[in-house]
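The values are calculated or read from the model by the stated rules, or taken from the named source; none is laboratory data. Since the model is a prediction, treat every value here as computed from it, not as a measurement. Every residue, glycine among them, receives a Cβ derived from its backbone with ideal geometry; neighbour counts consider all protein chains shown. When the accessible area is computed, the model is the full protein with side chains, heavy atoms only, and any ligands, DNA or RNA have been set aside. Shrake-Rupley method; radii C 1.70, N 1.55, O 1.52, S 1.80 Å.
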Amino acid sequence: MSAPTKQNENTFTVEGFVQDVKEAIHASPGSVKEQQQAVKDLMTKVYAENSTDSMIEVLTDATPPGASISEMILHADDDTTVLWAQIPPRFQSAVHDHSIWANILPLTGSEKNIIFEEDNSPGNKLNVVKEVVVHPGEILKLPADAIHCIENTSDFPARALHVYGGNFKTIDHERTYWSWKTKEKLPFSQPGLIKECVTRMADSGNEVGLDAIVKAIPKLEPLVEQVKGSIKQQLNGTETAQ
């Protein structure tokens, strides 16, 4: 994928973008795939016509400092959700689905996506289908049934504009996340997802990612310390048993 050439007209606003997304969806009365593609085409056009710095400034100004994932949602209604994802350095997410389509447009840094599929044999295992790294100006389309996790593999924040084909605030009961260790399928909740992200990073010894997420979202510090303590106790118990 190659990023479009920028014209730098700097006309980007959150309100205007949301309205354009809704119009693109309603102007595509065909399949959900056609609607997703229409929004992708719009996002490509918006990226080409505006400077990256101006888009980042507008999106960041619309997001409270230290925002949690839910607070990064800039708009949500039955048609669409617009989310300004600010991904800390070395962050690793839990495996999860969305249950609605998603278009992901990085503005700074890169977003590594690991795509999975379910193995319906006993144990409900997950198999890796592919890995996709999305760079600024490129757009990754995820279908509604996609299962993935994301990583920021750099030492710098990655920031991306996410657009979803529905209301992110009303679909938790339709979503799922998975345990990184056991690949157990779990009913979705934001707290559960965040805890599994922290558990994945702590279990892999990703101190940089843990420090970065606390710096980005200070309210997560007690959870990070709790998970790290729990893993340390488990390791100590294993060593004692040996």
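Overview of results
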| item | result |
| --- | --- |
| Residue in region 46-80 that is modelled with the lowest pLDDT, counting only those that are within 24 Å of Gly192 (Cβ to Cβ), assigned to a helix (DSSP H, G or I) and open to solvent by 40 Å² or more (accessible area, probe 1.4 Å) | Ser70 |
| Residue among Ser230, Ser154 that alone is under 27 Å from Ser110 (Cα atoms) and either surrounded by 14 or more Cβ atoms within 10 Å (Cβ to Cβ) or of a type in the set (Gly, Ala, Ser) (or both) | Ser154 |
| Total residues in region 119-166, condition within 14 Å of the chain's Cα centre (by Cα) and among the acidic types (Asp, Glu) | 1 |
| Residue count, region 126-141 (criterion: crowded, with 17+ Cβ neighbours inside 10 Å and either touching a Pro at 6+ places or on another chain (Cβ under 8 Å) or more than 18 Å from Gln92 (Cβ to Cβ) (or both)) | 5 |
| Qualifying residue in region 6-16 (condition: at pLDDT 95 or above, closer than 19 Å to Ile139 by Cβ, open to solvent by less than 30 Å² (accessible area, probe 1.4 Å) and assigned to a loop (DSSP other than H, G, I, E, B)) | yes |
| Residue that is farthest from His162 (Cα to Cα) [pool: residues in region 22-32 that are open to solvent by 50 Å² or more (accessible area, probe 1.4 Å) and touching a residue at least 40 places away in the same chain (Cβ under 8 Å)] | His26 |
| Unique residue being crowded, with 18+ Cβ neighbours inside 10 Å, more than 23 Å from Ile100 (Cβ to Cβ) and not small (Gly, Ala, Ser) when the list is Leu210, Leu193 | Leu210 |
| Single unsatisfied condition, Ser121 versus (1) in a loop (DSSP other than H, G, I, E, B); (2) open to solvent by less than 20 Å² (accessible area, probe 1.4 Å) | (2) |
| Residues within region 157-167 that are of a type outside the set (Lys, Arg), open to solvent by 20 Å² or more (accessible area, probe 1.4 Å) and within 26 Å of Gln19 (Cβ to Cβ), tallied | 2 |
